[in-house]
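Have a look at the structure below before the remarks.
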Amino acid sequence: MADIISEYEDMLPPKIIEGIRNNIPKGISDTKLKKIMEAVHLEYKNARVTPGEAVGLIAAESIGEPGTQMTLNTFHFAGVAEMNVTLGLPRIIEILDGRKELDNPMMEIYLKKPYASGKNINDLKNLALQIKETKLRDIATEFTINIADFTIDVKLDREKMKALELTNGKVIDAISKQIKGHNIKDNKESLTLKARSKEDTFNDAYKTKEKIKAVTIKGIKGVSQVLPVKREDEFIIITAGSNLADVLQLEEVDAYRTTTNNIFEIEQVLGIEAARQAIINEIFKVIESQGLNVDVRHIMLVADTMCVSGTLKGITRYGVVSEKSSVLARASFETPIKHIINAALVGEVDNLNSVVENVMVNQPVPIGTGLPSLTVKPAKEKEK
Amino acid sequence: MAEVYLNSKFLGSVENPIEFVQKMREERRKGAITENLNVFYNERANEIQIESSKGRARRPLIVVKDGVPLLTERHLKQLEKNEISWSDLAKQGIIEYLDAAEEENAVVAFFESDLTPEHTHLEITPLAMLGYCTSLVPYGNFNQSTRLNAGSKNQKQALGFYASNFAVRMDMDVNLIQYPQLPVVNTIMHEISDYGKHPAGQNIVVAIMSYKGYNMEDAIILNRGSIERGLGRSTYFRPAVAEELRYAGGLIDEICIPDKDVKGYKTEKDYRFLEDDGIIYPEAKVREGDVVIGKTSPPRFLSSMEEYSLAASTRRESSVNLKHGEEGIVDFILLTENEEGNKLIQVRMRDERLPELGDKFTSRHGQKGVVGLIVPQSDMPFSASGIIPDLIFSPHGIPSRMTIAHLIEMIAGKVGALAGRYINGTTFDAEPEERLRKELLSLGFRESGAETMYNGQTGEQYRAKIFVGNMYYLKLKHMVANKIHSRARGPIQLLTRQPTEGRAKEGGLRLGEMEKDTFVAHGASLLLKERFDSDRTVVPVCESCGVIAIKDNYRNKSYCPVCGENVEIHDIEISYAFKLMLDEFKSLGIYPKLQLESKY
């Protein structure tokens, strides 16, 4: 029995084979099983996309047409608090362009056992506060420059520091780690920074004053807001601002499920395959939220195109389109002059292998019925 | 302390703004300061805005003091007797004009019965808040506001009796309805605006039912009998203008029947309507291509060579003729002179337009639709009393649009037609619906307005009662005759050799980028090629240098401009647009080399 099924292992996807294994009745006769396998194989073959099908264009149409029904520029507030999420068309454009900087980067941090259950709400809150980035400007009340000796005075807010469990020593440590070349004096209520080099001018002092305001004292860089939320029956932390690499370092975090909406970051941290899946998930989320119905496979194709090269490429003239081999196809997308002049400079050859070029010269496009051609091997005359 | 601004310019400040504003208004009502002034106290910003600039929209209201309007019965009687006028009331401060800003400070009562001591003003009539066109919608307060907007917009597009001296006017591109009527259900605005002098529609019998699905999606069905009796019949006037222009060198256009040796002479047949003066005669039936005004112009360029040659005297043909798809009857001809003293000929052609499939009609409630079917009178449904509707309107047009006034107008129109009187349907001040229904009952009809109807083709009684009534319908200026267009072969553009664009140029309908995509998505590769074959060209290409060669049909020889005659030259089929692009590359100094390869 196993033989008959394993015979088809190269011809059918593993999921289908497994499905058959789990569902056939025990003690089925070999002839019956063979018949089943043949029927499944035939169905599978018929379900495949036929050669020459314009899958890309159909995907484009299938995503583009419902896109016209999307409410333009909708911004929703996701549930509680003032957490902003880009949804709708702007978000789709953001994903497809492969942007590195998002309008509203967000993370969903899943937690390990004791935290996820939410039994100890205070622990959860503390963890959230640990993740949230605290900058020096958040705990300082005043930054002043002493004009006489170019030192910088930072007045600290004791109460805020207490709430965040910060001591002067921790603050000094954090500053000295991120701003080099300064001596820091602890005056209890304030800190005084003095440059080690004697040639410092007022201008330099001013620059460091601005710089230290943004020094991260506590938490994870880039995470500007945290929000513990109950999702189904566990607690997760939603953040505004994203820093996947650093969050995954935390012990309390479930690294398997924690995710961000910044696809570029996913590619950097988890690799291109994860990025591909993230694109699919994110686009599908938007389309679903708009109440539209698009087959995932169209989105998968788009995600594949963005990721085939091994790095994340947006569907822009700098990304996927720049990879096209045909000059005419590239020129017909955006900035035609740039492409034609560059092609002329190096003497590029366009083999007219794809659709757009052939439409331009009015030849049958190599797709659908225009794809198959006849190959004839002419007999050599000498052999006659 | 409040700041005071006059026409947005800072003037100064006052201690007590409320008192100041009140005083200003009192002085204005007294006539001590101009009544063209409006004062607005912005409490939030604590500033007073005084406006006297032009271009503010203002509207009149009756002034109210301590809950009592200043306008009394005495004034009304005086008005009736013509002892005083509207402007007297305004001068006395009984009526005043408020702009949008001052209205913010006013408390305006809708009706006199609503007045309380807080009110500062009273509406003269609630109708005053509507514009002219919107006031013409009967029972407008029963409609959704968007429908009221649409209804008044539609009325502006209705064909009507636009000027009583139309017969001697040389209006260009106008329509005139032939049997216009006053609406049976009217509003006070019809009276005020003398609507009877420029009516725009007709009172017809409307049934709300479906008829074989030909009134789906807002279509309407017309009774052919009604059309034959003059429903929706209109005349379209089309102009033709010619001027004897003067050119440099004392040359001048000449209006005449062109000589046969004139450059661009059409055919004798085209000039057949012209009389000796080169102008067409009235009542001539003209069709496309026919010349209406014959004209010749002097040759365009007089080079030194041509001045002496014989051909130089050849004049150009520049007659005015009917364009593609146009036809009509010459109606009126005017010979005159323009400001420059040039001879000017204007010819007006008329074209009778009977309602046809696709013409647009509307009621006054934004219920527009196009004609979907014209049914012979014998096939139309008829009521028990033998009434045959002129128009069948789809019931699906009612629920989502909620034009209740449309239904009330039908009942009101029915009552009006049966009782032989006009019904006042003024918005907010109309004859009440209940009274109409009662009257309808007393006239021997069902209170609901529904009637038993019979299938016109089989004579069977319809199971449902059909709602029938009389309405005022308008024919809109969008008629198929002005829009119908098709093309198989036709003119092409000079530059790209692609079909021209637009109906006037007998153009094609573009198969655009997205339409192209649908062909690709179907994999219909060869069909796509065929569609785009409109600018297909065959060009010779030199095999060695890949540049378009020259084919000399006279010597039956091909040669390459670069490589000469002793090279392989092959004909290829490409789109002319592509050839054009290659040429443009060349002009940019880019060498587009074609590498030929056998397709097979």
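Filtering B:Arg497, B:Arg487 for residues that are in a loop (DSSP other than H, G, I, E, B), within 14 Å of chain A (Cβ to nearest Cβ) and not aromatic (Phe, Trp, Tyr) leaves a single hit, B:Arg497. Within segment B:506-517, the set of residues being within 10 Å of chain A (Cβ to nearest Cβ) and either in a loop (DSSP other than H, G, I, E, B) or surrounded by fewer than 14 Cβ atoms within 10 Å (Cβ to Cβ) (or both) comprises B:Glu513, B:Met514.
Report yes if A:Ala379 is in the same structural domain as A:Ile92 (by TED's automatic domain parsing) and surrounded by fewer than 19 Cβ atoms within 10 Å (Cβ to Cβ), otherwise no.
Judged against the criteria, A:Ala379 is not a match.
Tell me which residues, restricted to segment B:2-59, are without any contact (Cβ under 8 Å) to a residue 40 or more places away in the chain, at positive phi and open to solvent by 80 Å² or more (accessible area, probe 1.4 Å). Result: B:Gly55, single match.
From the list A:Lys198, A:Lys155, pick out the single residue that is among the basic types (Lys, Arg), part of a loop (DSSP other than H, G, I, E, B), over 30 Å from A:Leu124 (Cβ atoms) and open to solvent by 70 Å² or more (accessible area, probe 1.4 Å). Exactly one residue qualifies, and that residue is A:Lys198.
Would you point out which residue out of A:Leu12, A:Leu42 is farther than 26 Å from A:Glu288 by Cβ, over 37 Å from the mean Cα position of the chain (by Cα), hydrophobic (A, V, I, L, M, F, W, C) and not assigned by TED's automatic domain parsing to the domain that holds A:Ala303? Steps first, please.
Details: A:Leu12 fails: over 37 Å from the mean Cα position of the chain (by Cα).
Of the residues listed, the single one that is farther than 26 Å from A:Glu288 by Cβ, over 37 Å from the mean Cα position of the chain (by Cα), hydrophobic (A, V, I, L, M, F, W, C) and not assigned by TED's automatic domain parsing to the domain that holds A:Ala303 is A:Leu42.
Residues that are open to solvent by 30 Å² or more (accessible area, probe 1.4 Å) number at least 3 in the following strands (runs of 3 or more DSSP E) confined to segment B:337-448: B:343-353, B:368-375. Across segment B:555-572, the qualifying residues are those that are in contact (Cβ under 8 Å) with a residue 24 or more places away in the chain and within 12 Å of B:Cys545 (Cβ to Cβ), and the one among them that is surrounded by the fewest Cβ atoms within 10 Å (Cβ to Cβ) is B:Glu568.
Annotation for segment A:317-326: no member residue is more than 11 Å from chain B (Cβ to nearest Cβ), closer than 25 Å to B:Thr496 by Cβ and in a helix (DSSP H, G or I). The set of residues in segment B:197-255 being under 23 Å from B:Met170 (Cα atoms), more than 22 Å from the chain's Cα centre (by Cα) and hydrophobic (A, V, I, L, M, F, W, C) consists of B:Val241, B:Ala242, B:Leu245, B:Ile255.
Annotation for segment B:573-591: at least one member residue is among the hydroxyl-bearing types (Ser, Thr, Tyr) and either surrounded by 15 or more Cβ atoms within 10 Å (Cβ to Cβ) or modelled with pLDDT under 90 (or both). Close Cβ contacts (under 9 Å, 6 or more residues apart or on different chains) running from residues in segment B:362-375 that are at negative phi to residues that are open to solvent by less than 10 Å² (accessible area, probe 1.4 Å) and of a type in the set (Asp, Glu) comprise B:Ser363/B:Glu409; B:Arg364/B:Glu409; B:His365/B:Glu409; B:Val370/B:Asp359; B:Val371/B:Asp359. Taking B:Cys545, is it open to solvent by less than 40 Å² (accessible area, probe 1.4 Å), more than 8 Å from chain A (Cβ to nearest Cβ) and either within 56 Å of the chain's Cα centre (by Cα) or within 25 Å of A:Glu348 (Cβ to Cβ) (or both)? Answer is yes for this residue.
None of B:Val520, B:Val538 is loosely packed, with under 13 Cβ neighbours inside 10 Å, β-branched (Val, Ile, Thr) and closer than 30 Å to A:Glu357 by Cβ except B:Val538.
Across segment B:145-170, the qualifying residues are those that are in contact (Cβ under 8 Å) with a residue 12 or more places away in the chain and of a type in the set (Ser, Thr, Tyr), and the one among them that is least open to solvent (accessible area, probe 1.4 Å) is B:Ser152. For segment B:234-253, the criterion of being out of contact with any Gly (no Cβ under 9 Å at 6 or more places or on another chain), buried (at least 19 other Cβ atoms within 10 Å of the Cβ) and within 30 Å of B:Gly386 (Cβ to Cβ) is met by at least one residue.
Would you pick out the residues in segment A:362-372 that are surrounded by 19 or more Cβ atoms within 10 Å (Cβ to Cβ) and either more than 10 Å from chain B (Cβ to nearest Cβ) or among the β-branched types (Val, Ile, Thr) (or both)? Across segment A:362-372, the qualifying residues are A:Val365, A:Ile367.
Do we have A:Leu124 as within 30 Å of the chain's Cα centre (by Cα), among the hydrophobic types (A, V, I, L, M, F, W, C) and not in a loop (DSSP other than H, G, I, E, B) here? Yes; evaluated as a whole, the condition is true for this residue.
Looking only at residues that are under 17 Å from A:Glu323 (Cα atoms) and assigned to a helix (DSSP H, G or I) in segment A:348-361, which one is least open to solvent (accessible area, probe 1.4 Å)?
Within segment A:348-361, the first condition is being under 17 Å from A:Glu323 (Cα atoms), and the residues that meet it are A:348-357.
Pick out the ones that are also assigned to a helix (DSSP H, G or I) and you get A:355-357.
Values: A:Val355: 27, A:Val356: 36, A:Glu357: 3 Å².
Filtering first and then ranking leaves A:Glu357.
Can you name the residue in segment A:201-226 that is in contact (Cβ under 8 Å) with a residue 40 or more places away in the chain, of a type in the set (Lys, Arg) and assigned to a helix (DSSP H, G or I) and is also surrounded by the most Cβ atoms within 10 Å (Cβ to Cβ) among such residues? Before you say what the answer is, go through the steps one by one.
Just the residues of segment A:201-226 that are in contact (Cβ under 8 Å) with a residue 40 or more places away in the chain, to begin with: A:201-202, A:204-206, A:208-209, A:212-226.
With of a type in the set (Lys, Arg) added as a condition, the list becomes A:209, A:213, A:218, A:221.
Subset that is assigned to a helix (DSSP H, G or I): A:209, A:213.
Details: A:Lys209: 17, A:Lys213: 14.
Among those residues, the one meeting the criterion is A:Lys209.
Residues in segment A:329-338: is at least one touching a residue at least 40 places away in the same chain (Cβ under 8 Å), within 14 Å of chain B (Cβ to nearest Cβ), within 21 Å of B:Ala524 (Cα to Cα) and surrounded by 17 or more Cβ atoms within 10 Å (Cβ to Cβ)? No - not one qualifying residue is present in segment A:329-338. Residues being in contact with a Lys or Arg (Cβ under 9 Å, 6 or more places away or on another chain), open to solvent by less than 80 Å² (accessible area, probe 1.4 Å) and of a type outside the set (A, V, I, L, M): count how many of those fall in segment A:158-182. Number satisfying all stated conditions: 3.
Against the definition (touching a residue at least 24 places away in the same chain (Cβ under 8 Å), surrounded by 14 or more Cβ atoms within 10 Å (Cβ to Cβ) and not acidic (Asp, Glu)), how does B:Pro126 come out, yes or no? For B:Pro126, the condition - touching a residue at least 24 places away in the same chain (Cβ under 8 Å), surrounded by 14 or more Cβ atoms within 10 Å (Cβ to Cβ) and not acidic (Asp, Glu) - is met.
On the given criteria, is A:Ile299 part of a helix (DSSP H, G or I) and either polar (S, T, N, Q) or within 11 Å of another protein chain (Cβ to nearest Cβ) (or both)?
On the way: part of a helix (DSSP H, G or I): yes; either polar (S, T, N, Q) or within 11 Å of another protein chain (Cβ to nearest Cβ) (or both): no.
The answer is no for A:Ile299.
Being surrounded by fewer than 18 Cβ atoms within 10 Å (Cβ to Cβ) and either within 14 Å of chain B (Cβ to nearest Cβ) or outside any helix (DSSP H, G or I) (or both) is the requirement here; does A:Leu345 meet it? For A:Leu345, the condition - surrounded by fewer than 18 Cβ atoms within 10 Å (Cβ to Cβ) and either within 14 Å of chain B (Cβ to nearest Cβ) or outside any helix (DSSP H, G or I) (or both) - is met.
Every residue in segment A:303-332 that is of a type in the set (A, V, I, L, M, F, W, C) and within 19 Å of B:Ile590 (Cβ to Cβ), please.
Start the filter on segment A:303-332 by keeping residues that are of a type in the set (A, V, I, L, M, F, W, C), which leaves A:303, A:306-308, A:312, A:315, A:320-321, A:327-329, A:331.
Within segment A:303-332, A:Val327, A:Leu328, A:Ala329, A:Ala331 meet the criteria.
From the list B:Lys212, B:Lys197, pick out the single residue that is charged (D, E, K, R), over 17 Å from B:Val370 (Cα atoms) and touching a residue at least 24 places away in the same chain (Cβ under 8 Å). Even if it seems obvious, please write down each step before you answer.
Working: B:Lys212 fails: over 17 Å from B:Val370 (Cα atoms).
Of B:Lys212, B:Lys197, the one residue that is charged (D, E, K, R), over 17 Å from B:Val370 (Cα atoms) and touching a residue at least 24 places away in the same chain (Cβ under 8 Å) is B:Lys197.
The values are calculated or read from the model by the stated rules, or taken from the named source; none is laboratory data. All values reported here derive from a predicted model rather than from experimental measurement. Cβ coordinates were reconstructed from backbone atoms using ideal geometry, including for glycine residues, and neighbour counts include every protein chain displayed. Note: accessible area is taken over every heavy atom of the protein model, side chains too, but ligands, DNA and RNA are not part of it. Shrake-Rupley method; radii C 1.70, N 1.55, O 1.52, S 1.80 Å.
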